[in-house]
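Heads up: the structure comes next, in structure tokens.
The values are calculated or read from the model by the stated rules, or taken from the named source; none is laboratory data. Everything quoted here is computed from the prediction, not taken from an experiment. Because the Cβ atoms are built from the backbone with ideal geometry, glycine has one as well, and the counts that use them run over all protein chains shown. In case anyone asks, the SASA skips ligands and DNA or RNA and just uses the protein heavy atoms, side chains included. Shrake-Rupley method; radii C 1.70, N 1.55, O 1.52, S 1.80 Å.
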Amino acid sequence: LYGDNGMDLPAVIISFHRTKDNCQGHKGLHTVDGEGTSIIEICDWSEKDTLRNAWRRKTVMHELGHAWARHNLTAEQQAEFSSSRGLEGWRPDGSEWQDRGTEHAAEIVAWGLMDTKVRVDSRIDNSGCEELAESFTELTGLEATNGLTHSCH
């Protein structure tokens, strides 16, 4: 879905885990190694899970959104996006998940590309369809290809 829309991803390694131990208690985690490779951990994965499972697919798309943003957005773009969303910054120290520009960006990029019915995380403010579409375009310079309207708040 990223490539189909001309959105380049960096080198990415994705690992799947049965517990949340590798994800600091979350469903997924994005980090970067010393060589700039994005490392994505997907946690609480069971043998019966597949990427056809909508929320699993969204977790992967969200974490890929972090990889895409880190690879493609400048610090200035990150600050402008965070400000336009009414946030203190991209990843302010001590901030809650929903107050980080990086989390809004990952949710919005996943929303704009998803081809499966999954809602934008309810902790994300300004998540009406029009707001999400504007933010997707601000981030990517593209129109949301899917931007499923049933996934807005």
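If you take the residues of the range 126-144 that are open to solvent by 40 Å² or more (accessible area, probe 1.4 Å) and over 15 Å from the mean Cα position of the chain (by Cα), which of them is nearest to residue 56 (Cα to Cα)?
129
If you go through the range 60-78 one residue at a time, do you hit one that is of a type in the set (Ser, Thr, Tyr) and under 16 Å from the mean Cα position of the chain (by Cα)?
no
Consider the range 82-105. How many of its residues are open to solvent by 80 Å² or more (accessible area, probe 1.4 Å) and among the hydrophobic types (A, V, I, L, M, F, W, C)?
So the answer is 0.
Could you give me the residue pairs with C-beta distances under 6 Å whose first residue belongs to the range 83-104 and is closer than 13 Å to residue 73 by Cβ, whose second residue is in a loop (DSSP other than H, G, I, E, B) and open to solvent by 70 Å² or more (accessible area, probe 1.4 Å) wherever it lies, and which are 6+ apart or on separate chains?
Between residues of the range 83-104 that are closer than 13 Å to residue 73 by Cβ and residues that are in a loop (DSSP other than H, G, I, E, B) and open to solvent by 70 Å² or more (accessible area, probe 1.4 Å), the close pairs are 102/91.
Can you find a residue in the range 69-81 that is open to solvent by less than 30 Å² (accessible area, probe 1.4 Å) and in contact with a strand residue (DSSP E or B) (Cβ under 6 Å, 6 or more places away or on another chain)? So that I can check it myself, show each step before the final result.
Of the range 69-81, the ones open to solvent by less than 30 Å² (accessible area, probe 1.4 Å) are 69, 73, 81.
Narrowing the set further to residues that are in contact with a strand residue (DSSP E or B) (Cβ under 6 Å, 6 or more places away or on another chain) leaves none.
No: the range 69-81 contains no residue that is open to solvent by less than 30 Å² (accessible area, probe 1.4 Å) and in contact with a strand residue (DSSP E or B) (Cβ under 6 Å, 6 or more places away or on another chain).
Give 49, 8 a once-over and let me know the one that is open to solvent by 40 Å² or more (accessible area, probe 1.4 Å) and over 13 Å from the mean Cα position of the chain (by Cα).
Numbers: 49 fails: open to solvent by 40 Å² or more (accessible area, probe 1.4 Å).
The unique qualifying residue is 8.
Which pairs have Cβ atoms under 7 Å, sit 6 or more apart or on different chains, and link a residue in the range 28-53 that is at pLDDT below 90 to one that is open to solvent by 60 Å² or more (accessible area, probe 1.4 Å) and polar (S, T, N, Q)?
Listed by first residue and then by second, the contacts come to 44/19.
Between a first residue in the range 7-19 that is at pLDDT below 90 and of a type outside the set (A, V, I, L, M, F, W, C) and a second residue that is assigned to a loop (DSSP other than H, G, I, E, B) and open to solvent by 60 Å² or more (accessible area, probe 1.4 Å), which pairs have beta carbons less than 7 Å apart while being 6 or more apart in sequence or on different chains?
Sorted first by the residue in the range 7-19, then by its partner, the pairs are 19/44.
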